[in-house]
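Heads up: the structure comes next, in structure tokens.
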Amino acid sequence: MRIHFLFPRACSYLTKPRMRHASNRCRSFHCTVPIRSVELTKVRYPNLKRGPFSILGDADVQFFERLLSGAGRVLADASEIEGYNTDWLKTCRGSSELVLRPKTTEEVSAILNYCNTRRLAVVPQGGNTGLVGGSVPVFDEVVVSTQLLNKIISLDELSGTLVCQSGCVLGYMEEYIADYNLTIPLDLGAKGSCHIGGNIATNAGGVRLLRYGSLHGSILGLEAVLPNGEILDCMSTLRKDNTGYDLKQLFIGSEGTLGIVTAASVLCPQKPSAVSVAFLGCESFARVLDIYKEAKGMLAEILSAYEFLDEASVAVNKENLRMASPIGDFPFYILIETSGSNGDHDEEKLNTFLETMMSSGLVLDGTVVTETSKIKDIWSLRERVAEGLLHDGYCYKYDVSLPQAKFYDLVVDMRERLGTSVIRVVGYGHVGDGNLHLNMTSPTYSPEVMSDIEPFVYDWVSKYNGSISAEHGLGFKKRNFIYHSKSKSAVSLMQQLKRSIDPNGIMNPYKVLPEE
Ligand code: FAD
Ligand code: MLT
Ligand code: ZN
């Protein structure tokens, strides 16, 4: 039993020079699967019928070219738009012939007004890191990308309210406000590419939800363009505002089916000045939960993340990304992050916690880091599993909420069920939020494997009153399983709302709501 304490006396987190002029472009993830080999969605799902939408014509393209003047704002060249047609997982590929890149809310409004009148279907797209096929066309929908809606509008340093356009990249926003000793209440592995508008549209959870709660609390206001082009102004910057229905909430998690979010105000907390990350090994998932209980009690207010990975997830890092684990081999690994304002106090608390865990035998081995670069390395072990899985070929991705005690049984059952028909079955996720990420891989897409997984996985989750989508949304892939987590009356009201806001159904068709 050993634990490596790597606390430098002066925490380099505080002294690292910041990137003041970072561009609003970030690292994108590369997958080994070439885009053209991804089967078209309309081919993979032959029973799905195209909706009663118009076909894009030359006059439409000319209208958009007049509206969006300047190079790179109307993309119609097949090689330029193939990336916009294909999702991050390389599992869905649409056949859109047009990508529009507006810069202002008024341009978005004119685009939607035109599309609604012409009955052209539209897919809003942010960073295209979504994991449920929601961000790409199914057939030939026009893609409206928020890439150029990328301006920071204002920052109120006292309240920590950042107002920006919806195409700002999350990682860029984080760098920007670090200069003001603030941080973003949301963090996820895709922060180098995802947009705040996409985060809002999916109600993204990520690794800081345990500390800062969901976007339903951190988004103070937003502006959205409705399908008919009307601009909905819900741009409050107030923390408290109980005047009528809170309409912005409808757009948080609506996955582009009700309109396009064009701007938002985000409540940014104070940036913690002392951050530590511990990476620990233990013998079972029951231990992961025992340690979580102790962490909540002993670390209390400084506990900011509690994540887990199983052995098979760490094997993905090792085999596919050539990453090494900083500790030995264990059946389960835990990543604990503490964030606070007093390094000595937090260090002492974390040390006492770890010593107790080691002497009780709950933790078998571990390492603790406080330097920014080392913190990043440890977080990479957790956050890059999604990327590593893509190197196997095809990834069947599930993201469920379950009572924590039942959490890992699903992985065990799935492993037993699929046997050698898949390369691997891995489980990792946000233990603190009761959110398991279950992933299986095979060299290429296999309908047989798929039929062994679905609906089994959804039935399993439903049996334990879980949610079939904890944080990724329903998108295209999961919409027909909505009844596993929502009542008929709830889905019916959702359908009524959709019809009243988008009577022509042009906004992100074939997504979220089930086929009628
Ligand atoms: P996109 O993928 O472009 O779009 C997602 C959905 O939102 C689509 O339905 C799209 O139509 C809609 N949309 C996008 N922009 C707008 C807009 N402005 N207005 C209206 N609708 C819009 N998710 C988590 O919740 N937690 C995680 O920890 C997490 N980690 C991830 C790690 C990796 C490596 C990857 C690849 C993804 C991860 N995701 C995670 C999923 C994904 O990053 C999030 O769903 C993210 O919020 C999507 O943002 P985006 O800008 O890429 O949106
Ligand atoms: C994560 O937490 O790593 C993301 O949600 C991505 C995934 O589920 O693979
Ligand atoms: Zn996640």
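Figures for the structure shown
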{"item": "DSSP H segments from the chain that extend 18 Å or more along their own axis, Cα-based, with Kyte-Doolittle mean of 0.0 or above", "result": "285-299"}
{"item": "Built amide H within the under 5 Å cut-off of GLN125, gap 5+", "result": "VAL144, SER145, THR146"}
{"item": "Dipole in debye (nearest 20) - region 265-371, about Cα centre, beta carbon charges: Lys, Arg +1; Asp, Glu -1", "result": "240"}
{"item": "Difference of contour (0.36 nm per residue) and Cα-Cα distance, SER159 to SER373", "result": "74.1 nm"}
{"item": "Pair GLU348, LEU238: separation of 7 Å Cα→Cβ label points (nm)", "result": "4.3"}
{"item": "Mean residue ellipticity (222 nm) of the chain, computed from DSSP H runs ≥ 4 via -39,500 (n - 2.57), nearest 500", "result": "-9000 deg cm²/dmol"}
{"item": "Relative contact order of region 45-101, pairs being alpha-carbon contacts under 8 Å that are 6 or more residues apart, as %", "result": "32"}
{"item": "Cross-link partners of LYS90 among lysines (Cα-Cα below 26 Å; sequence separation of 8 or more within a chain)", "result": "LYS42, LYS49, LYS191, LYS318, LYS397, LYS477, LYS478, LYS511"}
{"item": "Size of electric dipole in region 336-476: Cβ of Lys, Arg +1 and of Asp, Glu -1, about Cα centre, debye, nearest 20", "result": "360"}
{"item": "THR262 long-range amide H proximity, modeled H, under 5 Å", "result": "GLU223, ALA224, VAL225"}
{"item": "Length gained when the stretch ALA59-LYS318 is fully extended (0.36 nm per residue, less Cα-Cα span)", "result": "88.0 nm"}
{"item": "Among ASN465, SER451, VAL412 the positive-end extreme of the charge dipole of region 407-516 (Cβ point charges)", "result": "ASN465"}
{"item": "Region 107-256: relative contact order in percent, alpha carbon pairs under 8 Å with at least 6 residues between", "result": "23"}
{"item": "Mean separation of Cα contacts under 8 Å (6+ apart) over length of the chain, as relative contact order %", "result": "17"}
{"item": "Region 231-288: chymotrypsin sites (Phe, Trp or Tyr not before Pro) in DSSP coil with no more than 14 other Cβ atoms inside 10 Å", "result": "TYR245"}
{"item": "Coil-residue trypsin sites (Lys or Arg not before Pro) of region 298-394, DSSP, other Cβ within 10 Å capped at 10", "result": "ARG322"}
{"item": "Vicinal HN-Hα couplings computed from phi for region 219-231 (Karplus, 6.51 cos²θ - 1.76 cosθ + 1.60; Hz; Gly/Pro x)", "result": "8, 7, x, 7, 10, 9, 9, 7, x, 8, x, 5, 9"}
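Readers should treat all values here as calculations from the given coordinates under stated rules, not as data from a laboratory. The structure presented is a predicted model; accordingly, all values stated were derived computationally and were not measured. Ideal geometry is used to build each Cβ from the backbone, glycine not excepted, and the neighbour counts take in all protein chains shown.
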